[in-house]
Amino acid sequence: MKFHNLTIQDIRQKLNSGELTSVELTRVCLERIKATDDKLNAFITVCEEEALAAAAVADQQIASGNGALLTGIPVAVKDIFNTLDVRTTCASKILDDYVSPYDATTITKLREQGAIIIGKLNMDEFAMGSSGENSAAGAVYNPWDTQRVPGGSSSGSAAAVAAGQVVATLGTDTGGSVRQPASHCGVVGLKPTYGRVSRYGVVAFASSLDQVGPVAGNVEDCALMLGVVAGYDPADSTSVDCLVPDYLENLKTGVAGKKIGLPKEYFIDGLDPDIKKAVNSAIETYRQLGAEIVEVSLPHTDYSVASYYLIAMAEASSNLARYDGVRFGIRQDSGDGLIGMYQQTRTAGFGDEVKRRIMLGTYALSSGYYDAYYLKAQKVRTLIRQDFHDVFEQVDLLLTPVAPTPAFKIGAMTNDPLQMYLSDIFTIPTNLAGTCAMSLPCGFSEDGLPIGLQLIGKPFAEAEMLQAAYAFEQATDWSDRVPEL
Ligand code: GLN
């Protein structure tokens, strides 16, 4: 069974009418995982027994009329969400044996709505990467072409949905990690506004940028999943206490009369011709749907990669200081004293990219360089935020590519971190600005690789952004295609 042409609400109906049981559906997912995951490596942990037991309970609840929004629906989450009783590794050796004593708020919310959490998904270690290759559990492969990367860091979250292993997933997006893999895998991924979704119990990478986001096979499911996880949480001091609209209610509003801006800095010369073609045709579709298209400018775009990588690495170096062999995860100790134990543990536990970032981040925060690097990057960030603020006085939404190229070959950039960082150019600015953005399928390259379109919305205007995404999805058939595996 493929889920792409069935929405969560379709599945809900089938479960409620008895045409399908949750146990059957969960078995389909588990079998699909067994049949495809040797090629994809999307999962770090599969909870087969627990999922089947939860499905049996869900079937009883449904039969007695007590089903909630996701009762009996199999989902999976990036291995960065703390889950009670199931290990949370962040795809790092240092957390190889770590089991959290509590569930992240988003996990609690999924469980409250009855979701079956079938497993934990592979990712770039501590969410640091753009390809899914920086994982202690091994690289993830793109379901459309297993010679290529699925994107990252929520690599498993996107690959699993694209391959029909589960109905929907959660990822995290610090600089594009939900949107870019969604784009490379031909699925829908959304980064909510900073503060929209609780991060309590989500392992921190860069706290001023991290946000939890859903990945799904279509816009409607993405809207539904966002509605489940969104909302104020007193346990996360950055979560914002504002109304969460019903994202499904007005999904069909359309885009007639909406003003969509094309930031000229995002339509650069280096853009891959297939991407240019697909995005241009998406712009035409929006025109036909009645949107007004205008060119706008986000003048500080060029500085976003540099300021992001300074801020993200600085915050990461501070957040990852806690993995010292004392409180969490593995310990390496050959009896050289406390400092020796720290060094051995961190040398053995972290992968190369994580070490690179800890070193660069520590450097940027050091007393002699703080002003020149970290403080400067924060000032640039303010200018970037201001760009978005100004542009949203003129338009309702922005439309851009998600990535400058389609999915690249495995290994193509592993020796050139800077090149890899530059590939985040279109996704990073929204994390710096804190606003919401999403990726949805808008075409295929000559080589048959999916291409994503990015919509950027005003802060807390996810509903409006989803309406525009839905209108596009209904007018095209890109989301209906599924990879052959
Ligand atoms: N690719 C970016 C990075 O490596 C974004 C990662 C993310 O969003 N978690 O930092």
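Here is how the numbers come out for the structure above:
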| read-out | value |
| --- | --- |
| Average silhouette area of the stretch 300-413, convex hull of alpha-carbon atoms, in square nanometres | 10.7 nm² |
| Per-bin percent of Cα-Cα distances, the chain [20 Å] | 26, 59, 14, 0 |
| About the Cα centre, charge dipole magnitude for the chain (Lys/Arg +1, Asp/Glu -1 at Cβ), debye | 480 debye |
| Mean ellipticity per residue at 222 nm, deg cm²/dmol - from DSSP H runs of n ≥ 4 across the chain, formula -39500 (n - 2.57) | -11500 deg cm²/dmol |
| Convex hull per residue volume in Å³, alpha carbons only, for the stretch 235-383 | 218 Å³ |
| Interatomic Cα distance distribution for the stretch 164-260, bins of 5 angstrom, percent | 2, 13, 21, 22, 20, 14, 5, 1, 0 |
| Kirkwood Rh and Cα Rg combined as Rg over Rh, evaluated for the stretch 348-420 | 1.10 |
| Evaluated over the stretch 176-228, the Cα radius of gyration and Dmax, each in Å | 11.2, 29 |
| Quotient of Cα Rg and 2.2 N^0.38 Å for the stretch 97-228, N being how many residues it contains | 0.96 |
| Sorted largest first, extent of the stretch 380-462 alpha carbons per principal axis (Å) | 40, 29, 17 |
| Over the stretch 76-131, relative contact order from alpha-carbon pairs under 8 Å, at least 6 apart, % | 42 percent |
| Kirkwood hydrodynamic radius of the stretch 233-285, from inverse mean 1/r over distinct Cα pairs, in Å | 15.3 Å |
| Residue range of the chain that is longest and free of GluC sites (Glu not before Pro) which are both DSSP loop and sparsely packed (at most 14 other C-beta within 10 Å) | 20-248 |
| Dimensionless Rg over Rh [the stretch 326-485; C-alpha; Kirkwood] | 1.08 |
| Descending principal axes extents, the stretch 69-132, alpha-carbon based, whole Å | 34, 27, 16 |
| Members of LYS276/LYS409; LYS78/LYS191; LYS78/LYS109; LYS39/LYS277 lying beyond 22 Å, as alpha-carbon distances in this model show | LYS39/LYS277 |
| Options GLY325, LEU262, MET313, ranked by Cα towards positive dipole end of the stretch 254-389, top entry (Cβ charges) | GLY325 |
| Computed over the stretch 28-113, Kirkwood Rh from alpha-carbon pairs, angstrom | 14.3 Å |
| Proximal charge balance of TYR370 [Cβ under 14 Å; K/R count +1, D/E count -1] | 0 |
| Translational diffusion of the stretch 421-484, µm² s⁻¹ [Kirkwood Rh, Cα pairs; Stokes-Einstein; 25 °C; 0.890 mPa s] | 187 µm²/s |
| Label-point separation in nm, GLU48 to LYS14, each point 7 Å along Cα→Cβ | 2.3 nm |
| Net charge, GLY337 excluded, C-beta distance under 15 Å - Lys, Arg +1, Asp, Glu -1 | -1 |
| The stretch 144-221: mean projected area of Cα convex hull, nm² | 5.1 nm² |
| Three semi-axes of the equivalent ellipsoid, the stretch 194-321, Cα gyration tensor, whole Å, largest first | 30, 24, 13 |
| Net charge of Cβ neighbours under 9 Å - reference LYS191; Lys, Arg +1; Asp, Glu -1 | 0 |
| Inverse mean reciprocal Cα-Cα distance (Kirkwood Rh) of the stretch 1-160, Å | 16.0 Å |
| Mean Cβ neighbour count within 10 Å, used as a protection proxy, ranking 95-102, 358-365, 158-165 highest first | 158-165, 358-365, 95-102 |
| Cα centroid separation, the stretch 325-362 to the stretch 82-115 (Å) | 23 Å |
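Each reported figure results from applying straightforward, stated rules to the coordinates on display, with no laboratory input. Only a predicted model underlies this, so the values are computations on that prediction, with no experimental measurement involved. Note that we place each Cβ from the backbone using ideal geometry, even for glycine, and neighbour counts take in every protein chain shown.
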